[in-house]
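Everything below concerns the one structure shown next.
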Amino acid sequence: SFPLRVERDVPHAQLPQRLAEADICFLSLEEEAARQLPAKLYEYMAACRPTLAVVPPEGAAARLLRETRSGRVVAPGDDEGLRRTLLDMVACAREGRLESPPPEAREPFRRDRLVEQMAAVLEKVRRK
């Protein structure tokens, strides 16, 4: 067994601290959401915490996690794959060998960088 803490309704201001304390973050998306990149994934990446993602393997979230080496992907419905992956990640965490995403993986998703990009888009639209 291993300690599991599920956090519900955490105020956004507390989220960075809670994520920094986590060994593993969890993301789940159904097949219909294959094109989605949920905001919580960006929060996980900003915290530089590994993600266990039950998401469509060819979807946007899986692709981003693979490209940034930010987590492990299990297909929805693959219960045995989820069990194996979770147990492996927990064992790695206990032994101090669970790899966190490299710091450069989070750079494109830092809030200040995203705000700058949004400001540039809005300025471009304003000038038209």
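Selection of segment 100-128 for residues being closer than 20 Å to LEU52 by Cα and of a type in the set (A, V, I, L, M) yields only ALA105. Test each condition in (1) within 15 Å of the chain's Cα centre (by Cα); (2) open to solvent by 50 Å² or more (accessible area, probe 1.4 Å) for LEU4 and report the one that comes out false. If we test LEU4 against (1) within 15 Å of the chain's Cα centre (by Cα); (2) open to solvent by 50 Å² or more (accessible area, probe 1.4 Å), just (1) comes out false.
Just one of the listed residues (ALA60, ALA91) is open to solvent by 30 Å² or more (accessible area, probe 1.4 Å) and out of contact with any strand residue (DSSP E or B) (no Cβ under 7 Å at 6 or more places or on another chain), namely ALA91. Reported count of residues in segment 63-86, each being more than 18 Å from the chain's Cα centre (by Cα) and open to solvent by 50 Å² or more (accessible area, probe 1.4 Å), is 6.
Only residues that are over 26 Å from ARG83 (Cβ atoms) and either polar (S, T, N, Q) or touching a helix residue (DSSP H, G or I) at 6+ places or on another chain (Cβ under 7 Å) (or both) were counted in segment 2-17, giving 4.
So, in segment 17-45, how many residues would count as being polar (S, T, N, Q), more than 19 Å from PRO108 (Cβ to Cβ) and either open to solvent by less than 100 Å² (accessible area, probe 1.4 Å) or in contact (Cβ under 8 Å) with a residue 12 or more places away in the chain (or both)? Summing the residues that are polar (S, T, N, Q), more than 19 Å from PRO108 (Cβ to Cβ) and either open to solvent by less than 100 Å² (accessible area, probe 1.4 Å) or in contact (Cβ under 8 Å) with a residue 12 or more places away in the chain (or both) in segment 17-45 gives 1.
The values are calculated or read from the model by the stated rules, or taken from the named source; none is laboratory data. Since the model is a prediction, treat every value here as computed from it, not as a measurement. So basically every Cβ, Gly included, is an ideal-geometry build from the backbone, and we count neighbours across all protein chains shown. Each accessible area value is taken on the protein alone, full model and side chains, heavy atoms only, with ligands, DNA and RNA left out. Shrake-Rupley method; radii C 1.70, N 1.55, O 1.52, S 1.80 Å.
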